[in-house]
Amino acid sequence: MYLLFIGLVACHTQESITIEGTILESREADASPLAEATVKIREANGDLWDETSTQSSGAFSVLAPAGQNLFAEIRAADFVHASFNGLAGLSEVQPVGDGLLFGFSEAELQEWRDLFAGCPGADGGGGVVLGDIRVYGLQEEDTGEPPLVTTGYVTAVGEDEEWEACYL
């Protein structure tokens, strides 16, 4: 029986980790912290894993599935619902880098819609997917960041639909 217990302990896999960070009011580097926002962590299939609220400093700490793809949802008064995808690591505590999670105001959403005016779907309601295409594994000498791809093509794919996207 003693050997069985040791075997069970040795085979134990970590189920969850803690993700910690600060949520800002926008993606601008000098943005203020977003207080009293709800942070929800969802598994890749959409199931809720954990949720919490940010402190007045925008700081949060929430559980997430270890080593899994996930989504972090950010909701706050006077902000549109924002969702960020990510991959949880295996460390007990995983910090989120500054500026990676942020709120999205109605005004900022309208600025993006105006920037992409004339693109398929940009003028209507519904969700907006923002991002860039980068070449990971390489680094720009001056910034240390992965280089941007300036001639990319993007398609958003749903369960039964595809949407063409503009990439500026």
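The values are calculated or read from the model by the stated rules, or taken from the named source; none is laboratory data. Remember, predicted model here, so these are calculated numbers, not experimental data. Positions of Cβ are generated from backbone atoms using ideal geometry, with glycine treated the same way; all protein chains shown enter the neighbour counts.
Annotations for the structure displayed:
- Which listed residue, of Ala117, Ala72, is part of a strand (DSSP E or B) and of a type in the set (A, V, I, L, M): Ala72
- For Asp160, the requirement of being assigned to a loop (DSSP other than H, G, I, E, B), at pLDDT 85 or above and exposed (fewer than 11 other Cβ atoms within 10 Å of the Cβ) is not met.
- Yes/no for Ala156 being within 20 Å of the chain's Cα centre (by Cα) and among the hydrophobic types (A, V, I, L, M, F, W, C): yes
- Considering (1) modelled with pLDDT of 85 or more; (2) under 17 Å from the mean Cα position of the chain (by Cα); (3) at positive phi; (4) not hydrophobic (A, V, I, L, M, F, W, C), the lone condition that Arg75 does not fulfil carries the number (3).
- Residue within region 91-101 that is surrounded by 13 or more Cβ atoms within 10 Å (Cβ to Cβ), of a type outside the set (Lys, Arg) and over 16 Å from the mean Cα position of the chain (by Cα) present: no
- Only one of Ser53, Ser57, Ser61 that is under 11 Å from Ile19 (Cβ atoms) and modelled with pLDDT of 95 or more: Ser61
- Qualifying residue in region 28-50 (condition: modelled with pLDDT under 95, surrounded by 15 or more Cβ atoms within 10 Å (Cβ to Cβ), of a type in the set (Gly, Ala, Ser) and in a loop (DSSP other than H, G, I, E, B)): yes
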